[in-house]
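Q: I'd like to ask some things about the structure below.
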Amino acid sequence: MEIDLIKKYGRKDLGTGILRNLTDGGEGLRNPGPKTIKKMRDNNLNGVTGMLGRKHSEETRKRMSESAKKRGFTIEQRKKIGDALRGRKVDPELAKRRGVASGKTKKGKFNSNGHLGLKQPESFKIKMSGKNNPFYGKDHTDEVKKQVSERFKGKTWKIINGKRIWMEVENDDSCI
């Protein structure tokens, strides 16, 4: 609308009308003003683009961190979403197209490695096996082994609705 009105009434600086606008309206990179063009030209000549070579101030980093913490869903929101989606009927054709598009195996099914999710192509398995694997011949440090052990102490995984889920172990002798 602004662009159309400026075009209709004209700009005084160009001698085409009565308005004192210095641009054709709709500011932004689509139609930058002379000051913006000069600043962009100077920055490009100096090799400055975006944040390259610059650092955010501590205050800015703190604000960005707080903003990032607010994104996403709380545990309660996730539970509500899960409850709402659980048990719904999905068109099999749509599910098939989604699976093909994302490259994933059928949701909730284990791939050949016994993991949920992506099924690796055979060529990848060959490339990453034996000496080609970056972890070949290495071992986790004692510290890492201890961290993993602590993380999963008192937990076991169970398959619920076709999904592998880590759960707290209750006083159940059948888990031993």
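All of the numbers you see were taken from the coordinates with simple rules; none came from a lab. Since the structure is predicted, the reported quantities are computational estimates derived from the model, not experimental observations. In this analysis, Cβ positions are derived from the backbone assuming ideal geometry, glycine residues included, and neighbour counts consider all displayed protein chains.
Q: Check cross-link reach from residue 12 to the lysines: straight Cα distance under 21 Å, and skip same-chain residues fewer than eight apart.
A: 35
Q: Taking the Cα centre of the range 1-45 as origin, work out the dipole magnitude from +1 charges on Lys and Arg Cβ and -1 charges on Asp and Glu Cβ, in debye rounded to 20.
A: 140
Q: Still on this structure: For labels at residue 64 and residue 91 in the simple 7 Å Cα→Cβ model, what's the distance in nm?
A: Going by the 7 Å Cα→Cβ label model, 4.1 nm.
Q: Follow-up. Roughly what would the spin-label model give for residue 166 and residue 3, points 7 Å off Cα along C-beta, in nm?
A: My value for the distance between the label points is 5.3 nm.
Q: May I pose another question? Under 16 Å between alpha carbons, and skipping anything fewer than 8 positions from residue 127 in its own chain: which lysines qualify?
A: Hits, sequence-local ones excluded: 119.
Q: In terms of modelled amide H atoms, which long-range or inter-chain residues lie less than 5 Å from the amide H of residue 17?
A: When sequence neighbours closer than 5 places are left aside, the close amide H contacts are 11, 12.
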